[in-house]
Amino acid sequence: MKIIALEVDVPGVNPEAITDELLKEEAARAWEMHQSGVVRELYFRADRHAAVLVLECADQDEARTILSSLPLARRGLIDFELIPLVAYPGFARLFE
């Protein structure tokens, strides 16, 4: 199942808690997740500083578990809204 994960703000987080070393750890874990195939695409939003990930997982529970392994998420500095996707069925109308 494809799942979009949108980074959301965590109330009360001090931006100074997000250090360069922590961001390096985050990038390393994101790379591992990408190389394993679970993270298919990874972006930042153009309108604000927030990550957008496209994951391939069995379900939202698996996606949540995988995302919780990110160093920033593990420390409660970021969280994600999960949006499950299904294939667009409209093309079938063209062949009825």
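Can you run phi through the Karplus equation (6.51, -1.76, 1.60; θ = phi - 60°) for region 2-12 and list ³J(HN,Hα) in whole Hz, with x for Gly and Pro?
7, 9, 8, 10, 9, 5, 10, 5, 9, x, x
In whole Hz, what ³J(HN,Hα) sequence does region 32-39 give by Karplus (6.51, -1.76, 1.60; θ = phi - 60°), x for Gly and Pro?
In residue order, the calculated couplings are 4, 5, 5, 5, 6, x, 6, 9 Hz.
Can you compute the FRET efficiency between Thr19 and Phe44 using 1/(1 + (r/R0)^6), with r the Cβ-Cβ distance and R0 = 25 Å? Round to the nearest 0.05. Don't skip to the answer; put the middle values down first.
Details: r = 19 Å, r/R0 = 0.74.
Efficiency, from the Cβ-Cβ distance: 0.85.
Using R₀ = 35 Å, calculate the FRET efficiency as 1/(1 + (r/R₀)^6) where r is the Cβ-Cβ separation of Ser36 and Phe91; round to 0.05.
Numbers: r = 31 Å, r/R0 = 0.88.
Calculated transfer efficiency: 0.70.
Using only alpha carbon pairs under 8 Å that are at least six residues apart, calculate the relative contact order of the chain and give it in whole percent.
Numbers: 122 pairs, mean separation 44.3, N = 96.
Worked out over the chain, it gives 46 percent.
What does the charge dipole of region 2-87 about its Cα centre add up to, to the nearest 20 debye, if the Cβ of each Lys and Arg holds +1 and the Cβ of each Asp and Glu holds -1? Please list the in-between numbers first.
Numbers: 9 positive and 16 negative charges, 20 e Å.
The calculation lands at about 100 debye.
When the Cα atoms of the chain are enclosed in a convex hull and the volume is divided per residue, what value in Å³ results? Write down the numbers at each step before the final one.
Working: hull volume 11.8 nm³, N = 96.
Hull volume over Cα atoms, normalised by residue count, gives 123 Å³.
For Asp9 and Ser69, FRET efficiency with R0 = 22 Å and r from the beta-carbon atoms, rounded to 0.05?
On the way: r = 20 Å, r/R0 = 0.91.
Working from the Cβ atoms, E equals 0.65.
In whole Hz and in residue order, list the ³J(HN,Hα) couplings for region 47-52 that follow from phi through the Karplus curve 6.51 cos²θ - 1.76 cosθ + 1.60, θ = phi - 60°; x for Gly and Pro.
Rounded to whole hertz, the list is 8, 6, 7, 7, 7, 10.
Going by amide H atoms built from the backbone, whose H comes under 5 Å of the H on Phe80, apart from near neighbours?
Val8
If each DSSP helix of 4+ residues adds -39,500 (n - 2.57) and the sum is divided by the residues in the chain, what number results at 222 nm, nearest 500 deg cm²/dmol?
Details: 3 runs with 29 residues, N = 96.
Taking each H run of at least 4 residues, the total per residue is -9000 deg cm²/dmol.
Readers should treat all values here as calculations from the given coordinates under stated rules, not as data from a laboratory. This structure is a prediction, so every number in the text was calculated from the model and none was measured. With ideal geometry, Cβ positions are generated from the backbone for all residues, glycine too; neighbour counts draw on all protein chains shown.
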